[in-house]
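Written out below as structure tokens is the structure these notes cover.
The values are calculated or read from the model by the stated rules, or taken from the named source; none is laboratory data. Since this is a predicted model, take the numbers as computed values, not measurements. Please note: Cβ atoms are built from the backbone with ideal geometry, for glycine as well, and neighbour counts cover all protein chains shown.
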Amino acid sequence: MLHIFLKILKTGSFKQRNFANENVKTRVKMKKIDVSPKADETSQTDESRHFILGKKIEDKVKRLFHGSLAIRQIDAGSDNACEQELVALSNAFYDVERFGIHFVASPKHADMLMITGPVTRNMAQALRRAYDATPDPKIVVAVGDDAINGGIFRGSYGVLDGVNSLIPVNYCIPGDPPSPMTLLTHLLQILETHNLETHNLET
């Protein structure tokens, strides 16, 4: 309980770890992403930085998904920290829908699954059904340390640890929880990697 309490108090302040290759069988080895501003970006405001990032994402979405990327977010048993950051993507400041990113209510309409939290035993069947209902080709992203390897809940009797213990995971976004800017930065990296992979398959 003390770990959970501290996590709530320090949401967003934990040092992020790169779990891209830890207990997750990714299709493509993820690059280590530095989300800090570059030297020529230090003078930019947060609003201009995320707008530039969003326009890059919009360009990738147009090429890969014909203008609209549908994401189904699934809570597999999280503490709601990652959900708060994902919800922030739709607020007036980030407003990711203008870049072609839409969160949908049904996995049947989704191109991508973003899964948060360690997989609890009570959610295992529901997660499997949602995965099976998502049309191929689908992209599965584990969001947050808990979804990647169980986080502070790893080894608990009530969880199955990371998402990859139940379904295949293509990519992961580390953080406890990842901030909206971290989510956008990794999403761009995922789309770039997916674009390269798709191009290689076609050639």
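Per this entry, Ile33 is counted among residues that are within 14 Å of the chain's Cα centre (by Cα) and modelled with pLDDT under 90.
Every listed requirement among (1) more than 13 Å from the chain's Cα centre (by Cα); (2) over 20 Å from Glu58 (Cβ atoms); (3) buried (at least 22 other Cβ atoms within 10 Å of the Cβ) is met by Ala130 save one, (3). Working carefully through the options Gly155, Gly151, find the one that is surrounded by 14 or more Cβ atoms within 10 Å (Cβ to Cβ), at pLDDT below 90 and on the phi > 0 side of the Ramachandran plot. Only one candidate qualifies: Gly151. In segment 178-195, the residues that are farther than 15 Å from Met114 by Cα and touching a residue at least 12 places away in the same chain (Cβ under 8 Å) form Cβ pairs under 8 Å with partners that are in a helix (DSSP H, G or I) and of a type in the set (Asp, Glu), at six or more places apart or across chains, as follows: Met181/Asp46.
Any residue at all in segment 141-155 that's among the charged types (D, E, K, R) and within 16 Å of Leu187 (Cβ to Cβ)? No, that holds for no residue.
Taking segment 94-127 as the search range and keeping residues that are more than 16 Å from Ser78 (Cα to Cα) and of a type in the set (A, V, I, L, M, F, W, C), which one is surrounded by the fewest Cβ atoms within 10 Å (Cβ to Cβ)? Once the filter is applied, the top-ranked residue is Ala105. Contact map, segment 150-170: residues that are farther than 11 Å from Val119 by Cβ paired with residues that are at pLDDT 90 or above and charged (D, E, K, R), Cβ distance under 6 Å, separation 6+ or inter-chain. Pairs shown: Gly151/Asp145.
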